[in-house]
Structures are given as structure tokens and as C-alpha cells.
Amino acid sequence: MSIRDQIKAQSITALKARDKATRSALSGVLALFTEQEKSGKFDGWTEAAEQSLVASYVKKLKSALGEMRDGDVKDSYVFEIGLLEPYLPTLLNRDETRNLIEPMVADAKGLGHLMGMVMREHKGKVDGKLVRELAMELGLK
């Protein structure tokens with residue numbers, strides 16, 4: 001079952017259980033799926049595209065969290081992020097990321113070049129902040 005279908009099923013289960021909080025939290029990402037499908041550029045879903053959409057949405061929520069004070073809205077964002085985390089791609093850990101970039105450092109013309117190479121080839125699999133941190137530890141500037 002696709003990620004989109006899993007989220008829809010979770011929303012339907014919440015509807016049947018009269019779980020308004022879950023239903024409301026999932027409506028935002030489901031609206032994005034619908035919006036994408038109705039756009040003129042849509043040519044079908046792949047697992048990577050679905051993960052990318054969910055990851056982008058969660059990134060926006062997390063970004064907004066940083067600017068919020070404690071309260072109901074912040075709590076709802078945290079709840080929504082928690083619901084969507086199982087659908088996010090699994091990122092490589094620190095050691096796996098280091099093993100990935102170490103051989104690339106020799107060929108990189110600088111930090112920006114390495115970041116471009118890594119993110120182009122491994123987008124969704126690595127944390128960009130971690131790649132930057134490790135690259136700097138390995139001597140790139």
C-alpha cells in the first residue's frame with residue numbers, strides 16, 4: 001500500500017473512531033497530495049515522490065515550530081509531526097554518512113561542491129546538516 005493510501009486509511013480509521021485530532025492533523029498532508037494530483041504537472045506517484053512530499057511538509061511544520069510559543073497550535077504541530085514521522089525516509093546515521101562522504105572528499109572542490117554531489121545522489125537518505133558538519137570535520141571549507 002502506498003504512503004498516500006496508508007495516510008488516507010489512517011484518516012478514515014480516525015473518522016470512524018471520531019478522533020477529530022488525528023483526522024484534522026492528517027488533513028493538511030492529504031490536501032497536499034490532492035493539490036499535487038490536480039496540478040497540470042502530475043504524472044503519478046512513486047514511493048520516493050510520496051516520501052518527498054511528506055518530508056517537505058514535515059520540514060515546514062518543524063520550521064514553523066521554532067517560531068512558536070507553547071500552546072495549542074504548537075501542540076497540534078508536534079502531534080501532526082508525530083503522526084507523519086513513520087512515513088518519512090530513514091536517514092543514514094552519523095557513521096554511515098561519514099563512510100559515504102569520506103571517499104568523495106578527495107574529489108570535491110570545496111564544501112559546496114561536496115554538498116551538491118552528496119545531496120544530488122543521496123537526497124532523502126542523508127541529513128544535509130550532518131553532511132556539512134562531517135565535511136568540515138574532514139577539512140573541507
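Before moving on, here are some points about what is shown:
- Prolate/oblate/rounded label for the chain (Cα gyration tensor, a/c 1.5): prolate
- Estimated FRET transfer efficiency (Met136, Glu47; beta-carbon r; R0 35 Å; 0.05): 0.60
- Most positive-pole-ward Cα, Thr97, Leu114, Ala135, against dipole of region 94-137 from beta carbon charges: Leu114
- For the chain, the longest principal axis of the alpha carbon atoms and the long axis of helix 94-105 meet at an angle near 40°.
- For region 65-115, the calculated P(r) over all alpha carbon pairs, in 10 Å bins from 0 to the bin holding the longest distance, is 20, 26, 23, 24, 7 percent.
- Helix axis angle, 128-137 relative to the chain longest principal axis, alpha carbon, degrees: 20
- Axis of helix 20-38 versus longest Cα principal axis of the chain: the two differ by about 70°, to the nearest ten degrees.
- Coarse-grained scattering of region 94-137 at q = 0.16, 0.31 Å⁻¹, given as base-10 log I(q)/I(0) from a Debye sum over alpha-carbon atoms: -0.31, -1.33
- The lysine pair count for region 49-141, using Cα distances under 21 Å and pairs eight or more places apart or on different chains, is 16.
- Relative contact order for region 1-107: 28 percent, from Cα pairs under 8 Å spaced at least 6 residues apart, divided by residue count.
- Gained length - Val73 relative to Lys59, 0.36 nm times residue gap less alpha-carbon distance: 3.4 nm
- Under the convention that each Lys and Arg Cβ holds +1 and each Asp and Glu Cβ holds -1, the size of the dipole of region 94-137 around its Cα centre is about 200 debye.
- Gained length - Thr34 relative to Leu91, 0.36 nm times residue gap less alpha-carbon distance: 17.9 nm
- Taken about its Cα centre, the chain carries a charge dipole of roughly 320 debye when the Cβ of each Lys and Arg holds +1 and the Cβ of each Asp and Glu holds -1.
Bear in mind that the values in this text are calculations on the coordinates, not laboratory data. As the structure is a computational prediction, the values presented were derived from the model and not from experiment. So basically every Cβ, Gly included, is an ideal-geometry build from the backbone, and we count neighbours across all protein chains shown.
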